[in-house]
Structures are given as structure tokens and as C-alpha cells.
Amino acid sequence: MAMRVAAAYAASSASAPIATLKKPSLLFSLPHHNLSPTFHNINLLPSHSNPITKPGFQWHIRAISEAAVEAASSKKEGEDHQSPNNKDWKIKMLYDGDCPLCMREVDMLRERNKSYGTIKFVDISSDDYSPEENQNLDYETVMGRIHAILSDGTVVKDVEAFRRLYEQVGLGWVYAITKYKPIGTIADSIYGVWAKYRLQITGRPPMEEILEARKKKGEVCKDNNACKM
């Protein structure tokens, strides 16, 4: 996903002068279960313009429509098919089940987790999502950036959350380099760009509209568990 690319970019940029990091060009494709991202020509920060509203500017991210279909299919399967020993989870991943690109990574981790049972997956888009059961992290907060919760209650976010999750399924080497603070800082900055424009990139409404729709849904469907977003 985007964060694996962010980690790779951060590593390659760690020794570069600060000035060269002002407008990073993050070029990638997102294969379903491929841990080695391929780079293409996508500039996440076009100069002198808003990257979303610039006339004629297009986001070239492959397979978004395919990912949307896959995400919808995954949600129909139920709440994550946890491993039998998931009561022994080490980390809880809070993810947006309505995000097609995010679901590619979630599905990969879920598949790996079948052999480990160390990750508990919590879909924040679900009607049943409860902040009280997740360190009081409300929907709007966890929609803004990736969050994970360790078994001792510690909350981690951004690149550290990805690193901790990958470590639990035998893929710690993917983000290991981000433990080095300069690289971790750069990776967090790149991830921040993705997080800021994630909804626009995936063709979804602005956060305000999503929150309003969720609020109305809660009012109308408060006592109807079959009500869907």
C-alpha cells in the first residue's frame, strides 16, 4: 500500500538536503499481495496548485474500481474471520472498511494473520464500532490517520502502527528501517499526504459529508441492525 512506498521513499531520501523534500513525487501502483511497490509517474504534490482541484489534473492509481469491488466483497464475508486463537491478539488494527485501497492491505494482513492470530481487526465503518471499546478513539479521529491498539492499551498511529502490525505477521523487515528516526519522520510526512487526500483519491465524499451521513444513519437506524451505510 501507500505506506510501504512511503517507507521506501523515506529511506532513499534520508540523506537528501531538506530543500529537496518539499515536493516529493510519490510514484506507485498497488498490487494486491505484492510487498514490492512499482513506481509510475504520479506527483502527489503538484507545484503551485491544489493537487485535487487543479484543472486537468488526474490521479492515476491503478485498480481503484477493482479494489472497491474487492472491499465490498470482503465486508460481506463478515467481521474479518478471526483466527481461533484471536483471543490472544497482540495488536488491534482499526481500519476503514469503506476504503477500497486500504482494504487491499487489510486483506493481505488478514491472510497472513491466519497463521499467527496476533492481529484483531476492527472495522471503524461498521455500525457496531464502539469508541469505548477502543481507547475512546472516535470515528472522526481514526478516519483521519491509521491507528492501532496494543494489547496493553497503548495507542500507536501512522508509520509506527504499520510497523507494529507487520511485525506481528512476520513482515517486520518491511518497515524496520523506519525505526531510524530521520527516516521515520520522513515516512510519517509522506503518509500524512496520503491521509489528507485519501478520500478524494478514492472518489469518496469529503469528511464532513461522511460524518453527517453517519450521524443521520445513526438517528434513523438506531434500533435496526440490518441498516447499512
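So, with a 1.4 angstrom probe, what is the percent of accessible area on the stretch 85-181 that is carbon and sulfur?
Numbers: 1830 of 4220 Å².
Heavy-atom surface of the stretch 85-181 belonging to carbon and sulfur, 1.4 Å probe: 43 percent.
Can you list residues whose amide H is under 5 Å from LYS120's amide H, if they're 5+ apart or on another chain and H is modeled 1.01 Å from N?
The list, which skips near neighbours in sequence, is LYS90, ILE91, LYS92, MET93.
Please calculate how many Å² of accessible area the stretch 145-222 carries per residue, with a 1.4 Å probe and no DNA, RNA or ligand atoms counted.
Details: 3940 Å² over 78 residues.
Dividing the accessible area of the stretch 145-222 by its residue count gives 50 Å².
Within a Cβ distance under 14 Å of LEU150, other residues only, what is the Lys/Arg minus Asp/Glu net charge? Spell out each step's value before the answer.
Details: positive: LYS90, LYS92, LYS120, LYS157, ARG163, ARG164; negative: ASP88, ASP152, GLU160, GLU167.
Around LEU150, the surrounding residues sum to +2.
Kindly write out, for the stretch 156-161 in residue order, the coupling ³J(HN,Hα) from the Karplus curve 6.51 cos²θ - 1.76 cosθ + 1.60 (θ = phi - 60°), rounded to whole Hz, with x marking Gly and Pro.
10, 8, 6, 4, 4, 4
Check which residues have an amide H placed less than 5 Å from HIS147's amide H, if you skip close sequence neighbours.
Answer set, sorted by chain and number: LEU94.
Taking all protein chains together and a probe of 1.4 Å, list ASP123, ASP188, ASP88 from the most accessible to the least accessible.
Details: ASP123 10, ASP188 55, ASP88 80 Å².
Highest to lowest solvent-accessible surface, that is ASP88, ASP188, ASP123.
Output ³J(HN,Hα) for the stretch 136-142: one whole-Hz value per residue in order, computed from phi by the Karplus curve 6.51 cos²θ - 1.76 cosθ + 1.60 with θ = phi - 60°, and x for Gly and Pro.
6, 7, 6, 4, 4, 5, 6
Under 5 Å between amide H atoms, partner at least 5 residues away or on a different chain: which partners does SER125 have, H built in plane at 1.01 Å?
GLY97, ASP98
Given LYS92/LYS179; LYS87/LYS216; LYS157/LYS217; LYS90/LYS157, which pairs have Cα atoms separated by over 23 Å?
Working: LYS92/LYS179 20 Å; LYS87/LYS216 34 Å; LYS157/LYS217 28 Å; LYS90/LYS157 15 Å.
In this structure, LYS87/LYS216; LYS157/LYS217 exceed 23 Å between Cα atoms.
The values are calculated or read from the model by the stated rules, or taken from the named source; none is laboratory data. The structure presented is a predicted model; accordingly, all values stated were derived computationally and were not measured. Ideal geometry is used to build each Cβ from the backbone, glycine not excepted, and the neighbour counts take in all protein chains shown. SASA here: full protein model, heavy atoms, side chains in, ligands and nucleic acids out. Shrake-Rupley method; radii C 1.70, N 1.55, O 1.52, S 1.80 Å.
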